[in-house]
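The values are calculated or read from the model by the stated rules, or taken from the named source; none is laboratory data. None of the values given here were measured: they were computed from a predicted structure. Cβ sites come from the backbone with ideal geometry, for glycine too, and all protein chains shown count toward neighbours.
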Ligand SMILES: [Mg+2]
């Protein structure tokens, strides 16, 4: 089929809060084939920054927009998606935003080709079957240990077998304050669920501070300590992992391209690589990282804190690898997390597990009612020529 249109929708909640919560807005990408099929994807990062990468006027040979790279192209197979992902990257070579922006259309193309060939995306990636994964409820710490304990009790009552707590106030007070937060999370969860801690890059390049926390957190049975250091501090990650802390180290959500993920795994020595399909440039690149992780003996985990469109895209990437058994499951309060897709997205089954849907494409559809509800009208015009105007839903 030919790519007939790339429709871009900027959606946002009425009020955007300064919280570490990327489920407050989105750029949703719809690819329309000339046979009537549509595919959906979304991008992490600033929606309007991403939108510009699709419509910006050519700057020079290596900065041409994504619309020009893709409109009118043929897409009939997974090989076509991989070819078009590479072409789109070349057309935006010097723009740092390109990997976030192209993620949306890459995911939409996998969805589209899956529907065209009548196969779920994980099968197009070469997996015979999908394996259930243990979802961890992904939430922010409460402002105090007591509030954290209450959140943990709610998660435990909801039946989750694992939970991850992240960001502020972790690292903002003393070592004992940090330990009290983790202790409260464990107390609220009870002894059985897995517990993960996301430090939200708070110790920068201070691997000694990170090591000290990992040692102290071990008594609470922590599965991994996530992003204790900044994504670029690969040498500090190496110093930390060389000391073999009692809690395994995870990182990777900040990786915007394949080589950054490879660097963290090979030179940073991390135990878990956490990849966000909506940041790293889509399913095509996430799949490459996943295969590299297998080679290196690193555990692949998804990162996502957007809608169930990205939740669905994430699970197909490693659906076929049984030993990669954990799944980040956004559990925040934004109505976009569960509300953007229909009917519900990727639901937790009665065994407390999640699985890639056996439905052609991603297995979720975007709700046009939700698009209408949260849509922000955008018009970009240069010298009277309209480069973008919000399309009809
Ligand atoms: Mg994180």
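On the stretch given as the range 52-83, residues that are touching a residue at least 40 places away in the same chain (Cβ under 8 Å) and either crowded, with 24+ Cβ neighbours inside 10 Å or closer than 24 Å to residue 124 by Cα (or both) total 14. Selection of the range 152-164 for residues being in contact with a strand residue (DSSP E or B) (Cβ under 6 Å, 6 or more places away or on another chain) and either more than 13 Å from the ligand (Cβ to nearest atom) or over 19 Å from residue 353 (Cα atoms) (or both) yields 155, 160, 161, 162, 163. Each residue in the range 117-167 was checked for being assigned to a strand (DSSP E or B) and closer than 22 Å to residue 228 by Cβ, and 10 pass.
Test residue 336 against the criterion of being in contact with a strand residue (DSSP E or B) (Cβ under 8 Å, 6 or more places away or on another chain), closer than 15 Å to residue 23 by Cβ, modelled with pLDDT of 95 or more and crowded, with 20+ Cβ neighbours inside 10 Å, and give yes or no.
On the way: in contact with a strand residue (DSSP E or B) (Cβ under 8 Å, 6 or more places away or on another chain): yes; closer than 15 Å to residue 23 by Cβ: yes; modelled with pLDDT of 95 or more: yes; crowded, with 20+ Cβ neighbours inside 10 Å: yes.
Here the answer is yes, as residue 336 does meet what is asked.
Residue pairs whose Cβ atoms lie under 6 Å apart, separated by 6 or more positions or on different chains, with the first residue in the range 284-310 and under 16 Å from residue 99 (Cα atoms) and the second in a loop (DSSP other than H, G, I, E, B) and within 15 Å of the ligand (Cβ to nearest atom), are 303/253; 303/276; 304/276; 310/304.
Counting only strands (runs of 3 or more DSSP E) that sit completely within the range 308-393, those holding 3 or more residues that are in contact with a helix residue (DSSP H, G or I) (Cβ under 8 Å, 6 or more places away or on another chain) correspond to 326-330. With the condition kept exactly as written, say whether any residue in the range 35-44 is assigned to a helix (DSSP H, G or I) and in contact with a helix residue (DSSP H, G or I) (Cβ under 9 Å, 6 or more places away or on another chain). No, that holds for no residue.
For every residue, the table says whether it meets (1) exposed (fewer than 15 other Cβ atoms within 10 Å of the Cβ); (2) closer than 24 Å to residue 288 by Cβ.
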| residue | (1), (2) |
| --- | --- |
| 114 | no, yes |
| 118 | yes, no |
| 130 | no, yes |
| 140 | no, no |
| 150 | yes, no |
| 179 | no, no |
| 182 | no, no |
| 197 | no, no |
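Within 12 Å of the ligand (Cβ to nearest atom), surrounded by 24 or more Cβ atoms within 10 Å (Cβ to Cβ) and outside any helix (DSSP H, G or I) - does that describe any residue in the range 288-301? Steps first, answer last, please.
Taking the range 288-301 first, the residues within 12 Å of the ligand (Cβ to nearest atom) are 301.
When the remaining residues are screened for being surrounded by 24 or more Cβ atoms within 10 Å (Cβ to Cβ), the result is 301.
Checking which are outside any helix (DSSP H, G or I) leaves us with 301.
Taking every residue of the range 288-301 in turn, at least one turns out to be within 12 Å of the ligand (Cβ to nearest atom), surrounded by 24 or more Cβ atoms within 10 Å (Cβ to Cβ) and outside any helix (DSSP H, G or I).
Apart from one condition, residue 318 fits all of (1) surrounded by 15 or more Cβ atoms within 10 Å (Cβ to Cβ); (2) modelled with pLDDT of 95 or more; (3) in contact with a strand residue (DSSP E or B) (Cβ under 7 Å, 6 or more places away or on another chain); (4) farther than 25 Å from residue 198 by Cβ; the exception is (4).
Of the candidates 108, 88, the single residue that is in a helix (DSSP H, G or I), touching a residue at least 12 places away in the same chain (Cβ under 8 Å), within 30 Å of residue 358 (Cα to Cα) and over 19 Å from the mean Cα position of the chain (by Cα) is 88.
Taking the condition of being on the phi > 0 side of the Ramachandran plot and modelled with pLDDT under 95, how many residues in the range 134-193 meet it? Working first, answer last.
Our first condition is that a residue be on the phi > 0 side of the Ramachandran plot; within the range 134-193, this holds for 159, 167, 171, 190.
Now narrow it down to the ones that are modelled with pLDDT under 95: 159, 167.
Total satisfying the criteria: 2.
Restricting 378, 311 to those that are in contact with a strand residue (DSSP E or B) (Cβ under 8 Å, 6 or more places away or on another chain), farther than 19 Å from residue 164 by Cβ and at pLDDT 95 or above reduces the list to 378. In the condition set (1) in contact with a helix residue (DSSP H, G or I) (Cβ under 8 Å, 6 or more places away or on another chain); (2) modelled with pLDDT under 95, residue 93 is compliant with all but (1).
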